[in-house]
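Below is one structure, written out as structure tokens; comments come after it.
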Amino acid sequence: MNDLLVYILVVAAGTAAGFINTLAGSGSLLTLPLLIFLGLPANVANGTNRIGILLQSVVAVGSFKQQKVFEWREGLWLTIPATVGALFGAAMAVNINEVLMNRIIGALLVLMFFIILFKPETWVKEQAGRVHAKPSLIRILVFTAIGFYGGFIQAGVGFFLLAGLVLGAGFNLLKANAIKVLIVLVFTVAALAVFIINGQVNYTLGFILGAGNMLGAWIATRVAVKQGAVFVRWVLLVTVFAFAVKLLLF
């Protein structure tokens, strides 16, 4: 396969992943297999993918903030436990049992699909009295665990962050998406540093992938704000279902 075709494939996958990651999650289930197919060892693919995630998050956070979807104070307190968890997760990523992890994530996504399907009002409306509440121990533990998973493998972490932000912190889905990408931005910096220190990043493919991720993220933020939380919920439903099937059956 010539270099030009490789770069086109990587940019295309990055664009799709950036769009999916910003509106829902699991875009890395597109990019990780492609990077491995192109010859990168699994751990290097995992590290390289973080460049795309980082760049897409910068664009998404900036775009959501420009469109006044969220305020910094609404999400920054959640980034601390998530980042701590991500550091430990990234450090353990070399020992991943990929098959078992896929089955666990798939089962959780099936459960989440039905929660989103049968409790639509919870995902669309902000829950008065719960947003901006003082961080509780359970919230800190939950976001530390989500950060650990995000540092470990990344794929699917967006779904779990959205669940924590909507069901645990009370944000509506549109604002939760914006705060989700802020959290991912911060903990990805920490996780990427671990992979760089261990020499598990291919910078050429990483930045080419990142160009696509940034484009996809920019498009997604515009679509999300224009269409609103109800549209984002339907995108989330379809994406959760599709990736749950992929993880459980393939």
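The values are calculated or read from the model by the stated rules, or taken from the named source; none is laboratory data. Just so you know, these numbers come straight off a predicted model, no measurement behind them. Cβ sites come from the backbone with ideal geometry, for glycine too, and all protein chains shown count toward neighbours.
Only a single item in (1) at pLDDT 85 or above; (2) basic (Lys, Arg); (3) surrounded by fewer than 24 Cβ atoms within 10 Å (Cβ to Cβ) is not met by residue 180, and it is number (3).
Could you list, in sequence order, all residues of segment 163-212 that are among the β-branched types (Val, Ile, Thr), part of a helix (DSSP H, G or I) and either more than 27 Å from residue 2 (Cα to Cα) or touching a residue at least 12 places away in the same chain (Cβ under 8 Å) (or both)?
Hits for segment 163-212 are 166, 179, 181, 183, 184, 186, 188, 189, 194, 196, 197, 208.
Just the residues that are surrounded by fewer than 24 Cβ atoms within 10 Å (Cβ to Cβ) and hydrophobic (A, V, I, L, M, F, W, C), please, taken from segment 196-222. Residues satisfying the conditions are 196, 197, 201, 207, 208, 211, 214, 215, 218, 219.
Out of the residues in segment 193-250 that are polar (S, T, N, Q) and at pLDDT 80 or above, state the one that is farthest from residue 52 (Cα to Cα).
198
If we keep just the residues of segment 227-238 that are out of contact with any helix residue (DSSP H, G or I) (no Cβ under 7 Å at 6 or more places or on another chain) and within 17 Å of residue 176 (Cβ to Cβ), which is surrounded by the fewest Cβ atoms within 10 Å (Cβ to Cβ)? Reasoning before the result, please.
First, the residues of segment 227-238 that are out of contact with any helix residue (DSSP H, G or I) (no Cβ under 7 Å at 6 or more places or on another chain): 227, 231, 234, 238.
Subsequent filtering for residues that are within 17 Å of residue 176 (Cβ to Cβ) retains 227, 231, 234.
Numbers: 227: 14, 231: 15, 234: 12.
Selected residue: 234.
Restricting the first member to segment 23-41 and to residues that are farther than 17 Å from residue 212 by Cα, and the second to residues that are assigned to a loop (DSSP other than H, G, I, E, B) and at pLDDT 80 or above, the beta-carbon pairs closer than 7 Å and six or more apart or on different chains are 40/202.
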